[in-house]
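Right, one structure below, let's go through it.
The values are calculated or read from the model by the stated rules, or taken from the named source; none is laboratory data. In this text, all values refer to a predicted model and were calculated from it rather than measured experimentally. Here the Cβ positions follow ideal geometry from the backbone for every residue, glycine too, while neighbour counts run over all protein chains shown.
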Amino acid sequence: MIHGSLAPVESVSWQSLLAQSITDPRELLGRLDLEPALLAPALAASADFPLRVPEPYLSRMQPGNPHDPLLRQVLPLGEELQEHPDFILDPLGEQHSNARPGIIHKYHGRLLLIVSGGCAINCRYCFRRHFPYGDNALSTDEWQQALDYIRHDPSIAEVIYSGGDPLAANDKRLAWLTREIADIAHVRRLRVHTRLPVVIPQRVTSALIDALCGTRLPVSMVLHCNHANEIDAQLAQAIATLRRAGILLLNQTVLLKGVNDRIEELLALSETLGDHGVLPYYLHVLDHVKGAQHFHVDDTTARGLAGEMLARLPGFLVPRLVREIAGETSKTPLPPELIRAADHLA
C-alpha cells in the first residue's frame with residue numbers, strides 16, 4: 001500500500017527535516033493524540049537513549065493508536081529500563097572487532113566503515129544503541145589511517161558504509177571517501193547500509209547519487225525497512241531514483257514483537273518491496289541488546305514465520321532468517337520450519 005506524502009522528494013531539504021526531528025516525548029505524544037499515561041515511562045527511557053523521530057516518518061503513523069507498528073519502533077517505553085541477564089551492552093562483540101577508530105572488521109573480505117555516528121531516527125531495538133561513537137569520530141588524519149588499513153589488506157574486496165547512518169554524512173564527505181576507496185585496486189564493491197531514505201526520503205538527491213556512483217565501483221544499498229506501512233509515495237520515488245542510478249537495492253528487516261511478528265505483516269512487506277524492485281535480503285532475529293528485550297520473538301515462532309513465507313512467496317522475495325553471533329565468521333542461518341503441502345492447501 002502506498003500512503004500519502006508530504007511533498008515531492010528534494011522539494012524540502014533533508015538537512016532541515018533532520019534538524020527538526022522530534023526529540024521530546026511530550027511533542028510526540030501530543031502530535032499523535034496519545035494517552036498522557038505514556039509520558040512518564042517515555043521520559044525515563046529517553047533519558048537513557050534519546051528519542052528521535054523525523055517528520056516524514058511521523059506522518060505515516062496512525063494518530064490515537066499506541067500500537068501503531070511504526071510508533072512502536074521509536075516510542076521509549078518503561079520496559080527498556082528493566083534488567084535482563086541475556087540482554088547486554090554489546091551483544092555482537094563489536095568493540096572487540098573495532099580494529100581501529102572508524103573500522104569494524106568482523107568478516108573475511110569485507111569491513112564496515114563508521115562513516116557517521118549520527119542517525120535520522122533512534123530505533124529502540126538498535127544493537128548499537130550503546131556503541132562508543134565518540135571514539136569512532138575521525139579527524140582527517142584518522143580517516144587516512146583507516147584508508148591505509150584497507151590499502152594494506154588485499155583480502156578486503158568490499159567496503160561497507162555503516163554507522164550510525166552513513167547517509168547522515170554530507171555529500172562532499174561521501175564523494176571524497178568513495179573516490180579514495182575506488183583508488184584502492186583490490187576493493188571491488190561498495191555497499192551502503194542505511195535507514196535514512198526510509199525515514200527521510202528527501203535524502204535521496206542528485207548530489208547523493210553523484211557522490212556514490214561517480215567511480216568504477218558497483219554500488220549496492222541495503223535499506224532497513226521493517227513494515228509495509230513505512231513504504232509511502234515519497235519512499236517509492238526515492239527508490240525509483242536509486243534504481244535509475246544503477247544501485248542494487250536490498251532490504252534487511254528485524255523481527256520485532258508487536259511490529260512485524262505476524263505472517264500477514266511479513267508477506268505485505270516482502271510483496272511491497274518487490275513491487276518497487278527491492279529484494280528482501282535478511283530477516284534478523286533480535287540482537288540481545290540491553291533495553292530491547294520487549295521486542296524479542298522466540299526462535300520457534302521465527303522459524304515458523306520463515307517457513308510460512310517460503311510456502312507463500314516466490315523464493316526471491318523470501319529473506320534469509322539469520323542470527324548474528326559474536327565471534328562467528330558469518331551470520332548464522334536459522335532453518336525455516338517447513339510447511340507440508342497438505343497442511344498449506346488445507
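Before moving on, here are some points about what is shown:
- Scanning the range 287-320 for residues that are without any contact (Cβ under 8 Å) to a residue 60 or more places away in the chain and either assigned to a helix (DSSP H, G or I) or of a type outside the set (Lys, Arg) (or both) yields a total of 23.
- Of all positions in the range 116-123, none carries a residue that is part of a strand (DSSP E or B), touching a His at 6+ places or on another chain (Cβ under 7 Å) and not charged (D, E, K, R).
- Within the range 124-178, tally of residues that are aliphatic (A, V, I, L, M) and within 30 Å of Ala47 (Cβ to Cβ): 5
- Failed criterion for Arg52 (all others in (1) in contact (Cβ under 8 Å) with a residue 24 or more places away in the chain; (2) in the same structural domain as Ala233 (by TED's automatic domain parsing) hold): (2)
Conditions (1) under 21 Å from the mean Cα position of the chain (by Cα); (2) under 30 Å from Gly307 (Cβ atoms); (3) not assigned by TED's automatic domain parsing to the domain that holds Ala292, marked per residue:
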{"site": "Arg188", "(1), (2), (3)": "no, no, no"}
{"site": "Ile200", "(1), (2), (3)": "yes, no, no"}
{"site": "Leu212", "(1), (2), (3)": "yes, no, no"}
{"site": "Thr215", "(1), (2), (3)": "no, no, no"}
{"site": "Arg244", "(1), (2), (3)": "no, no, no"}
{"site": "Leu248", "(1), (2), (3)": "yes, yes, no"}
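- Number of residues in the range 139-166 that are crowded, with 19+ Cβ neighbours inside 10 Å and assigned to a loop (DSSP other than H, G, I, E, B) equals 3.
- Within the range 13-28, tally of residues that are under 24 Å from the mean Cα position of the chain (by Cα) and closer than 23 Å to Gly78 by Cβ: 6
- Selection from the range 118-151 of residues that are of a type in the set (Ser, Thr, Tyr) and touching a helix residue (DSSP H, G or I) at 6+ places or on another chain (Cβ under 9 Å): Tyr125
- Every condition in (1) closer than 29 Å to Asn229 by Cα; (2) charged (D, E, K, R); (3) part of a helix (DSSP H, G or I) is met by Lys172 except one, and the failing one is (1).
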